[in-house]
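The values are calculated or read from the model by the stated rules, or taken from the named source; none is laboratory data. Since we're looking at a predicted model, the values are computed, not measured. Here Cβ is always computed from backbone atoms with ideal geometry, including for glycine, and neighbour counts include all displayed protein chains.
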Amino acid sequence: MAVQYYKDVAEAVPEMNIAIYANTEAFKFDFPRAFWARVSEIRQVVAAKYIGIEFLLQDLHLTKHRMKLLPLDYQYYAAARMDDFVDAFWSSGTVCGPLVSTTLRDKVIAARRTKDWTDAHAFQGRLVKTAAPFPEDSFKTFSIYNVALEKGRIDAAGWMNAGPVRPPYNDICPASYLDSWKASGQRWAELHKQLETESSGK
């Protein structure tokens with residue numbers, strides 16, 4: 001059924017490329033191995049958000065490199081070392097300060113060119129410190145409040161105004177959850193500022 005959905009979309013708008021938002025909680029679907037093998041056969045399917053990289057190599061094999069699987073920014077360094085076909089990533093943090101994301105991109109490009117991953121690995125260590133934990137260490141719990149958490153993170157970073165949380169996503173988010181995500185945005189913003197300073201000093 002899931003593959004047929006994307007086939008129907010592709011048939012309805014044959015001129016449009018399709019990126020799959022593979023979120024198990026949002027769609028109540030596990031996106032199994034067979035899904036990736038079959039959906040990659042649809043010509044317009046070009047990319048997908050890809051959470052977790054434990055099956056990345058297997059899924060790249062199943063898709064025959066016909067589509068880009070985009071790991072999260074925090075997993076990009078490791079994913080990029082697995083296969084050179086992985087050359088892009090998904091980042092909700094970019095709107096907290098884009099220089100962090102473009103630096104990650106450029107560090108990996110440089111590492112592939114020089115075959116020296118030292119600098120990219122060091123930057124990964126800086127990036128991971130900006131991460132926010134899932135509430136109760138649960139992706140399911142995070143998914144209940146993700147709109148409020150992401151907007152809180154973005155606003156705390158200060159690079160842009162994410163706007164209010166609107167219905168039906170405006171259930172009260174526990175302050176302890178929100179505080180940790182605001183702190184994540186602030187850490188990302190600080191890294192962005194550090195990179196600006198480092199760049200201006202070159």
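General remarks:
- Only one of the listed residues (V45, V86) is more than 17 Å from the chain's Cα centre (by Cα) and not assigned by TED's automatic domain parsing to the domain that holds T141. That residue is V45.
- Which numbered condition L62 fails, given (1) under 19 Å from Y6 (Cα atoms); (2) surrounded by 22 or more Cβ atoms within 10 Å (Cβ to Cβ); (3) over 13 Å from the mean Cα position of the chain (by Cα); (4) of a type in the set (A, V, I, L, M): (2)
- Among the residues listed as A37, A26, A19, the single one being among the hydrophobic types (A, V, I, L, M, F, W, C), closer than 28 Å to N146 by Cα, in contact with a Ser or Thr (Cβ under 9 Å, 6 or more places away or on another chain) and outside any loop (DSSP other than H, G, I, E, B): A26
- Pairs linking a residue in segment 2-19 that is of a type in the set (D, E) to a residue that is outside any helix (DSSP H, G or I), with Cβ atoms under 9 Å and 6 or more positions apart or on different chains, are E15/Q44.
- Top-ranked residue in segment 182-202 [being among the hydroxyl-bearing types (S, T, Y) and over 17 Å from Q124 (Cα atoms); ranked as modelled with the lowest pLDDT]: S200
- Subset of segment 142-168 [among the small types (G, A, S), more than 18 Å from the chain's Cα centre (by Cα) and either crowded, with 18+ Cβ neighbours inside 10 Å or under 22 Å from T24 (Cβ atoms) (or both)]: A156
- Only residues that are among the acidic types (D, E) and modelled with pLDDT of 95 or more were counted across segment 122-178, and they come to 2.
- Listed here are the helices (runs of 4 or more DSSP H) enclosed by segment 69-141 that have at least 2 residues being touching a residue at least 60 places away in the same chain (Cβ under 8 Å): 98-114, 118-128.
- Checking segment 65-83 against the condition returns a match, with at least one residue being buried (at least 19 other Cβ atoms within 10 Å of the Cβ), more than 28 Å from V147 (Cα to Cα) and either of a type outside the set (A, V, I, L, M) or not assigned by TED's automatic domain parsing to the domain that holds M160 (or both).
- Given (1) crowded, with 16+ Cβ neighbours inside 10 Å; (2) at pLDDT below 95; (3) in contact with a helix residue (DSSP H, G or I) (Cβ under 7 Å, 6 or more places away or on another chain), number of the condition F29 does not satisfy: (1)
- Here L104 passes the criteria (1) outside the structural domain of S199 (by TED's automatic domain parsing); (2) under 30 Å from G152 (Cβ atoms); (3) modelled with pLDDT of 95 or more except the one numbered (1).
- Meets criteria (over 20 Å from D73 (Cα atoms), assigned to a helix (DSSP H, G or I) and not assigned by TED's automatic domain parsing to the domain that holds A19) for S199: yes
- Residues that are touching a helix residue (DSSP H, G or I) at 6+ places or on another chain (Cβ under 7 Å) and among the hydrophobic types (A, V, I, L, M, F, W, C) within segment 1-19 comprise A2, V3, I18, listed in sequence order.
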